[in-house]
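Have a look at the structure below, then the notes.
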Amino acid sequence: MEKQHQLDALKADILANNVTPDLAAQATQLVMGHGNLNSELFFIGEAPGKDEDLTGKPFQGRAGQLLNELLESVDIERDDVYVTNIVKYRPPKNRDPSRAEKDESWPYLERELSIIQPKVILTLGRHSMGHFLSDVTIGEAHGSLYDISVGGEQYTLAPLYHPSSTVYNKQTRQHFFDDLPKVLDQLK
């Protein structure tokens, strides 16, 4: 239960420090990470959308359904992984979070990582990947493994396409469903 207490303290700090105040002012609620606090797999998206803002949990709408399908395709239960976003409040009209919003949220994501202590970070889309890898595109990096350091801790990073990018793009959708099994095989 210690990890839950640390996450509760992290949430309290985000609220007390008024992180991304313009987003907080128009959002329904803060959306913290959710899932297995001892998971080896830590999925990171960019920011909550409408459904996440209403439920208080990340990846609940169409993108969440696609993430669930992806996990089911490799026999992983959603409750067995940890899922979060860099930015913890919904940007208006589901716009992309700004660089400033991501930068302001970054120290809290670092703390979240240090609490969960996963083995593998799986970024969902270019926004979350870009904070770890700034010199490649998602098209170049998807499905590959990278050794990275965050807050003095070592992790394996595996960029994946964002589930919502697969809705209208069949090629991206195929990569999305092919990349996770490939990554898991490489990790064995």
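Please compute the Kirkwood hydrodynamic radius of segment 110-188 from all pairs of different C-alpha atoms, in Å with one decimal.
13.0 Å
Go through LEU15, SER73, LEU145 and say which Cα lies farthest out towards the positive end of the charge dipole of segment 2-187; charges sit on Cβ, +1 for Lys and Arg, -1 for Asp and Glu.
The listed residue farthest towards the positive side: LEU15.
Name the residue from HIS34, PRO91, SER105 whose Cα lies farthest towards the positive end of the charge dipole of the chain, charges +1 on Cβ of Lys and Arg and -1 on Cβ of Asp and Glu.
PRO91
Relative to the Cα centre, what is the charge dipole magnitude of segment 1-79, using +1 at the beta carbon of each Lys and Arg, -1 at the beta carbon of each Asp and Glu, and rounding to the nearest 20 debye?
Using only the charged Cβ atoms, the result is roughly 220 debye.
If segment 1-73 were replaced by its equivalent ellipsoid, with semi-axes equal to the square roots of 5 times the Cα gyration tensor eigenvalues, what would those be, largest first, whole Å? Write down the numbers at each step before the final one.
On the way: eigenvalues 101, 67, 14 Å².
So the equivalent ellipsoid measures 22, 18, 8 Å along its semi-axes.
Binning at 10 Å from 0, report for segment 51-138 what percent of all alpha-carbon pair distances ends up in each bin.
Answer for segment 51-138: a P(r) of 14, 46, 36, 4 percent.
How big is the Cα convex hull of the chain in projection, averaged over all directions, in nm²?
Averaged projected hull area, Cα only: 10.0 nm².
So, R0 is 45 Å and r is the distance between the beta-carbons of GLN65 and SER149; what FRET efficiency does that work out to, to 0.05?
0.85
For the chain, what's the relative contact order in percent, using C-alpha pairs closer than 8 Å and at least 6 residues apart? Walk me through the numbers before you get to the answer.
Values: 317 pairs, mean separation 42.9, N = 188.
Value for the chain: 23 percent.
Relative contact order for segment 57-119: what is it in percent, counting Cα pairs under 8 Å that are at least 6 residues apart?
24 percent
To the nearest 20 debye, what charge dipole does the chain have about its Cα centre, counting +1 at the Cβ of each Lys and Arg and -1 at the Cβ of each Asp and Glu?
About 480 debye.
Throughout, read-outs are computed from the coordinates displayed, never taken from laboratory work. Given the structure is predicted, the values throughout are model-derived calculations rather than measurements. In this analysis, Cβ positions are derived from the backbone assuming ideal geometry, glycine residues included, and neighbour counts consider all displayed protein chains.
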